[in-house]
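*Asks:* Quick one: the structure is below, questions incoming.
What follows is calculated from the coordinates using simple rules that are stated; it is not laboratory data. Note that the coordinates shown come from a computational prediction; the quantities given were computed from them, not determined experimentally. Every residue, glycine as well, gets a Cβ built from its backbone with ideal geometry; the counts of neighbours run over all protein chains shown.
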Amino acid sequence: MWWDERVSARFRRNLQPTLTYWSVFFSFGLCIAFLGPTLLDLRCQTQSSLSQITWVFFSQQFCLLLGSCLGGVFKRTLSQSLFALFASSLAISLVFAIIPLCHNVVVLAVVMAVAGLAMGCIDTISNMQLVKIYQKDSAIFLQALHFFVGFGALLSPLIADPFLSDTNCILSNSTANASSNLPHIRKSLVPHHPGNLSHYDLPMKGMVVTRVSYAFWIMALINLPVPIAVFFLLYKERMVPCFNSSSRPLLSADELAMETRPTEKDDLSAAVQRPHAAGGHDDLFSCCQSKNFRGASYTYFAVHITGALVLFMTDGIVGEYSGFVYSYAVEEPLSVVHKVAGYLPSLFWGFITLGRLISIPVSYRMKPATMVFINVVGVLITFLLLLIFSYSVVFLFVGTASLGLFLSSTFPSMLAYTEDILQYKGCATTVLVTGAGIGEMVLQLLVGSIIHDQGSYSFLVCGMIFGGLAFTFYAFLLFFHRMYPKPSSDMDDASPDKPAVMDDTGQYQR
């Protein structure tokens, strides 16, 4: 096997929880990419204007960010984390089932806000739990975790495509005049951002004939095994109220499905009853408490901030590129045929998924810091070449694939790198997840307004600037890493401040 026996044994010991956390990230990906291609049909279903339906995007993204901030609240025990994941993954299935029943755009926005909260909780909790399980070996498992996001993001548009309307989905007297615009509009509504919809005036009244409801019900069924898998993990850990009366769980509720020594069972039984305040995995509000800042060096804050800023830029690039590459391609000077340009967002997400798959074995042989360096340099060079060959349609496709590969592993590699710097203390996971979510939301809005005012060429200029800023912030992170105080080698092993670590067998020790 391409990893050593120690890591392999740890993975086998934690197979069920690891697969469960991967599966809930599949739910995350399934829910993040369906809005773009289905937005026109949802607009017909709600009989709302295109400007009104765009608020559905905002409600999802804003609540995703809010859910990411609040997700750390449920990290205090394993029981809370698993129940939160169960509720979140079940909520996503319910959202898919309810969307066809939403005939008002406000109701649809509220439903998507619930989905955003669930996705935010999944994002934060799953990352935290895998870092807790594998600690210094977490990089490879985080890469696999984020592969499932890309896989879900690829699958949901493929499920929806056969049910999308190729002609007007609202029958009225003006249908004939409007229907010729619909294929162009639908393909322009790519994941994450609806693009410039103000140019199209479609009928608001009439009989709705969309078949997109079937796509949502299929996605609800496909996602249903995920909350079932979380429930089975709860059952295995004897945390389901109806099934845990016979005996206490053998595992500490603040540790993640790790086998513990039989001699420690009495201590663990008491530990189940109290929350574990493990550093490095607080919610955003707990992180901001002044008691966490006492005695911390300036490099402690600098590592958090620079790491979050790198992801602010790189995740923001993912959102703005997937949202606007179609609009850039169909306009001058490229003037790509609409049907051909419609493949660009799919190509981008496809290579993100491929890159995450490739990163799983690569991350075992390469340090996270090196992977992030390759990623940010690759993004910067790709945007530079896209600017140089801005008149080449072929290189636009090549550059789109290249960007997907370089951006694919940035988040999990950065998460593993910063947690390693901080020795799994502080609030790295929460701060990085929050920074990435803010970047994806803010840069979409910023780039959209710039393109509207300055033209399509500014799309690549913005990407070049964001890539340069990501590289600059990463250089600062490397500098602060060198300045960050090394852990004391003579720290008392019995000190309560020493974080829990695992031996080669994967068991926690003090």
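*Asks:* For segment 340-462, evaluate the Debye formula with one uniform point scatterer on each Cα (no solvent term) and list log10 I(q)/I(0) at q = 0.12 Å⁻¹, rounded to two decimals.
*Replies:* Rounded to two decimals, the profile gives -0.54.
*Asks:* Less than 13 Å Cβ to Cβ from M371, Lys/Arg counted +1 and Asp/Glu -1: what total charge do the surrounding residues give?
*Replies:* Taking every other residue near M371 into account, the sum is +2.
*Asks:* Sticking with this one: Full-extension gain between V240 and D453, please, as 0.36 nm times their residue separation minus the C-alpha to C-alpha distance.
*Replies:* Difference between extended and current length: 71.1 nm.
*Asks:* Give me the Å³ per residue figure for the convex hull around the C-alpha atoms of segment 416-473.
*Replies:* So the per-residue Cα hull volume is 78 Å³.
*Asks:* Would you work out which of L66, T124, G152 lies farthest towards the positive end of the dipole of segment 8-162? Charges go on Cβ: Lys and Arg +1, Asp and Glu -1.
*Replies:* Going by the Cα projections, it comes out as T124.
*Asks:* Right, something else. Considering only DSSP states other than H, G, I, E and B, which chymotrypsin sites (Phe, Trp or Tyr not before Pro) in segment 364-399 qualify as loop sites with at most 11 other Cβ atoms within 10 Å?
*Replies:* Of the chymotrypsin sites (Phe, Trp or Tyr not before Pro), the ones in loops of segment 364-399 whose Cβ has at most 11 other Cβ atoms within 10 Å are Y391.
*Asks:* Sticking with this one: Please compute the modelled spin-label separation between V110 and E331, points set 7 Å along Cα→Cβ, answer in nm with one decimal.
*Replies:* It works out to 3.7 nm between the two label points.
*Asks:* Sort 459-465, 63-69, 229-235 by the packing proxy (mean of other Cβ within 10 Å over each peptide's residues), most packed first.
*Replies:* Answer by packing, highest mean first, reads 63-69, 459-465, 229-235.
*Asks:* Here is a further query. Once the dipole of segment 334-452 is set up with Lys and Arg at +1 and Asp and Glu at -1 on Cβ about the Cα centre, which of Y417, T429, F395 lies farthest towards its positive end?
*Replies:* Toward the positive end, the furthest listed residue is F395.
*Asks:* Let me ask another. Taking 45 Å as R0, compute the FRET efficiency from the Cβ-Cβ separation of I388 and W55 and round it to 0.05.
*Replies:* 0.75
*Asks:* Now a separate question. Subtracting the Cα-Cα distance from 0.36 nm times the residue separation, let me have the gained length for V398 to I218 in nm, one decimal.
*Replies:* Roughly 61.5 nm would be gained on extension.
*Asks:* If I model a spin label at H103 and V377 as a point 7 Å from the Cα along the Cα→Cβ vector, what separation in nanometres do I get?
*Replies:* 5.9 nm
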